[in-house]
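The values are calculated or read from the model by the stated rules, or taken from the named source; none is laboratory data. Since this is a predicted model, take the numbers as computed values, not measurements. All Cβ positions, glycine included, derive from the backbone under ideal geometry; neighbour counts span all protein chains shown.
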């Protein structure tokens, strides 16, 4: 969960820097403040959720692989001793 939050914070800061470097006329013609804030908030929430889910899935998968490999090694040693 913390990984997704950290990455989301970094992305928000990068987006803010990018927006501050834009010409001011962009905000007069292209987008309103509410649209910009809503867009970035929705996009960052989606990315944060995806990152959080991926990290958990990777950890669970690696734990499962480690358990299976341990079981196979124990079984192999048992067969080898017989």
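Restricting region 1-22 to residues that are in a helix (DSSP H, G or I), touching a residue at least 12 places away in the same chain (Cβ under 8 Å) and over 15 Å from residue 36 (Cβ atoms), which is nearest to the chain's Cα centre (by Cα)?
Residue satisfying both the conditions and the ranking: 4.
When residue 36 is evaluated against the numbered criteria (1) surrounded by 12 or more Cβ atoms within 10 Å (Cβ to Cβ); (2) at pLDDT 80 or above, which criterion, by number, is the only one it fails?
(2)
Out of the residues in region 1-31 meeting the condition of being modelled with pLDDT of 80 or more and in contact with a helix residue (DSSP H, G or I) (Cβ under 8 Å, 6 or more places away or on another chain), tell me which one is nearest to residue 57 (Cα to Cα).
That would be 11.
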